[in-house]
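Just below is one structure, and these are the notes that go with it.
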Amino acid sequence: MSQGDVKPHFERSLWKRTTGKLAKLSQSSPPRTALLIFAAVIALFSALLMMPWATPGRGSAAVHDALFVATSAVTVTGLTPVNTADDWTLAGQIVILIGIQVGGLGIVTMAALLAVSVTRHLGLRTRLIAREGMSTGGLGEVGQLLKTVIICSVVVQTALAVILIPRLIALEGDAVRGAWYGLFYAISSFNNAGFVIHADGLGGVDNDSVVVWTVMLGVFLGSLGFPVLYVLWRYRWHIKSWTLHTKLTMEVTTILLFVGAAAYAFLEWNNTATIGDMGWLEKLQSALFASVNMRSGGFSVVESNLEHSETMLVSDALMFAGGGSASTAGGIKVTTIAVIFLAFLAEARGHEETTAHGRTIPAQVGRVAVSVVAMGATAVLFSTLALMTISGEDMGRPLYESVSAFATVGLTAGLTEQLPPSGLYVLAALMFTGRVGIITFAAALTVRQKRVRYRYPEGRPIIG
């Protein structure tokens with residue numbers, strides 16, 4: 001072998017070893033692989049946002065600002081310590097938009113692929129249950145599953161853009177700027193990202209009903225999740241043909257939507273700093289818009305820090321709840337809430353098994369749901385304590401900001417832009433944990449399910 005052939009041979013060998021290790025890692029630990037991939041994507045977009053062309057003037061963005069915004073975009077959160085309209089150039093905004101799209105598609109795809117990888121580790125009976133929970137028939141296959149994700153995203157975002165672009169062109173009086181705003185908000189709303197490129201937020205469109213309702217619809221559809229969208233598209237209003245996952249998602253989402261709107265309207269009706277000076281129709285519209293976005297969208301037409309403390313507490317609860325599984329929404333997910341409530345109901349009635357709509361929910365699902373809630377509450381607790389220490393504030397705003405970051409909502413009480421770099425790193429880690437950690441944590445718990453062929457004697461600690 002000549003000296004010229006040594007280098008290509010070495011490179012091929014190195015590439016083979018590297019790809020082999022990656023393949024082995026992806027097979028042995030899909031959750032860990034997902035974490036590494038998302039971390040690498042965030043690092044890439046952080047580097048892009050630190051380029052001189054991404055910010056106005058000659059300087060580059062600070063490391064903590066670039067990392068925070070990249071994390072917020074890829075995790076489709078929407079929190080930002082800087083003004084997206086003023087502190088990023090058009091190129092920087094395009095990078096953010098691409099990050100949102102990559103993050104949104106990547107999150108639901110990752111959730112779907114993890115679900116498929118999980119089912120391959122489980123027994124036949126559990127695999128059949130998991131497949132039914134994901135959707136119907138062939139959706140459990142990777143190719144069809146990815147095709148569904150992409151088609152749903154493209155179709156919905158295109159439809160939103162078709163409505164938003166002409167309206168925003170009319171409002172802005174500029175075809176290019178209006179088209180850019182319409183495209184940006186179509187992608188940002190469906191991906192539940194909450195980023196806005198008006199300097200004063202959505203208040204810049206003067207509560208225009210077409211824009212408000214279109215953004216609201218995009219957030220709502222994105223929060224349902226692609227398995228639900230697939231079932232709704234396939235069976236429409238034939239509810240008996242819906243999967244259990246779809247039924248629970250639609251039920252809890254509808255309840256939280258109207259309860260949240262009613263609570264917001266009741267608490268803020270006479271608050272002149274928010275919706276008190278609006279007409280009653282506009283108040284109802286704003287209340288419904290707030291309820292939809294408090295569960296993950298992150299868009300707002302009024303500043304959250306002007307709301308009553310009771311309203312912010314309701315927002316904390318709705319943000320923590322989040323949207324549907326395998327969706328662009330965050331939080332602990334509405335099906336988690338449904339499973340825990342149904343388990344509580346079964347216990348109250350003295351039933352040994354948890355059931356819903358003629359189906360038995362396995363005990364393993366209930367344990368994973370409780371674990372997800374415990375993980376989320378613990379993450380929010382530690383983040384709130386850290387922010388209180390860093391900012392020197394009472395619990396209100398640090399708790400609000402922590403829940404918003406963990407649930408990848410993006411609503412802010414004005415604390416994020418006031419935090420030093422250490423506080424931004426805390427929230428960035430929480431956004432990553434809330435978005436990627438919950439999915440991989442739940443998948444890892446399910447993968448580790450093992451059949452034990454012996455039982456210890458029962459012991460009954462006193463509860464309550």
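Numbers for the structure displayed
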{"read-out": "Residue within region 286-295 that is at pLDDT 90 or above, hydrophobic (A, V, I, L, M, F, W, C), over 19 Å from the mean Cα position of the chain (by Cα) and more than 20 Å from T336 (Cβ to Cβ) present", "value": "yes"}
{"read-out": "Residue in region 155-177 that is over 26 Å from G279 (Cβ atoms) and in contact with a Lys or Arg (Cβ under 9 Å, 6 or more places away or on another chain) present", "value": "yes"}
{"read-out": "Filter result (among the aliphatic types (A, V, I, L, M) and within 28 Å of the chain's Cα centre (by Cα)) within region 258-282", "value": "V259, A261, A262, A263, A265, L267, I275"}
{"read-out": "Subset of region 363-373 that is open to solvent by less than 50 Å² (accessible area, probe 1.4 Å) and more than 27 Å from S241 (Cα to Cα) - its residue that is farthest from the chain's Cα centre (by Cα)", "value": "S371"}
{"read-out": "Enumeration of residues in region 308-331 that are outside any helix (DSSP H, G or I) and surrounded by fewer than 24 Cβ atoms within 10 Å (Cβ to Cβ)", "value": "H308"}
{"read-out": "Number of the exception - T272 against (1) of a type in the set (S, T, Y); (2) crowded, with 22+ Cβ neighbours inside 10 Å; (3) not in a helix (DSSP H, G or I)", "value": "(2)"}
{"read-out": "From the options L399, L387, L427, residue that is open to solvent by less than 50 Å² (accessible area, probe 1.4 Å) and either of a type in the set (G, A, S) or touching a Phe, Trp or Tyr at 6+ places or on another chain (Cβ under 9 Å) (or both)", "value": "L427"}
{"read-out": "Number of positions in region 158-201 that are acidic (D, E) and at pLDDT 95 or above", "value": "0"}
{"read-out": "In region 386-404, the residues that are on the phi < 0 side of the Ramachandran plot and free of Cβ contacts under 8 Å to residues at least 12 places away in the same chain", "value": "M388, T389, D394, M395"}
{"read-out": "Positions within region 332-362 being surrounded by fewer than 17 Cβ atoms within 10 Å (Cβ to Cβ), part of a helix (DSSP H, G or I) and of a type outside the set (A, V, I, L, M, F, W, C), in sequence order", "value": "E347, R349"}
{"read-out": "In region 290-307, the residues that are crowded, with 24+ Cβ neighbours inside 10 Å, in a helix (DSSP H, G or I) and hydrophobic (A, V, I, L, M, F, W, C)", "value": "A290, V292, M294"}
{"read-out": "Hits in region 43-87 (condition: among the hydroxyl-bearing types (S, T, Y), open to solvent by less than 50 Å² (accessible area, probe 1.4 Å) and either assigned to a loop (DSSP other than H, G, I, E, B) or under 17 Å from Y185 (Cα atoms) (or both))", "value": "T55, S72, T75, T77, T80, T84"}
{"read-out": "Tabulated pairs, region 405-432, first outside any helix (DSSP H, G or I), second at pLDDT below 95 and among the acidic types (D, E), C-beta under 9 angstrom, 6+ apart or interchain", "value": "T412/E303; A413/E303; A413/E307; G414/E303; L415/E393"}
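Each row is one residue, and each column tells you yes or no for (1) closer than 26 Å to S189 by Cβ; (2) surrounded by fewer than 18 Cβ atoms within 10 Å (Cβ to Cβ); (3) touching a helix residue (DSSP H, G or I) at 6+ places or on another chain (Cβ under 6 Å).
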{"residue": "S391", "(1), (2), (3)": "no, yes, no"}
{"residue": "V409", "(1), (2), (3)": "yes, no, yes"}
{"residue": "G414", "(1), (2), (3)": "yes, yes, yes"}
{"residue": "S422", "(1), (2), (3)": "no, yes, yes"}
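The values are calculated or read from the model by the stated rules, or taken from the named source; none is laboratory data. Keep in mind it's a predicted model, so treat the numbers as computed, not measured. Here Cβ is always computed from backbone atoms with ideal geometry, including for glycine, and neighbour counts include all displayed protein chains. In case anyone asks, the SASA skips ligands and DNA or RNA and just uses the protein heavy atoms, side chains included. Shrake-Rupley method; radii C 1.70, N 1.55, O 1.52, S 1.80 Å.
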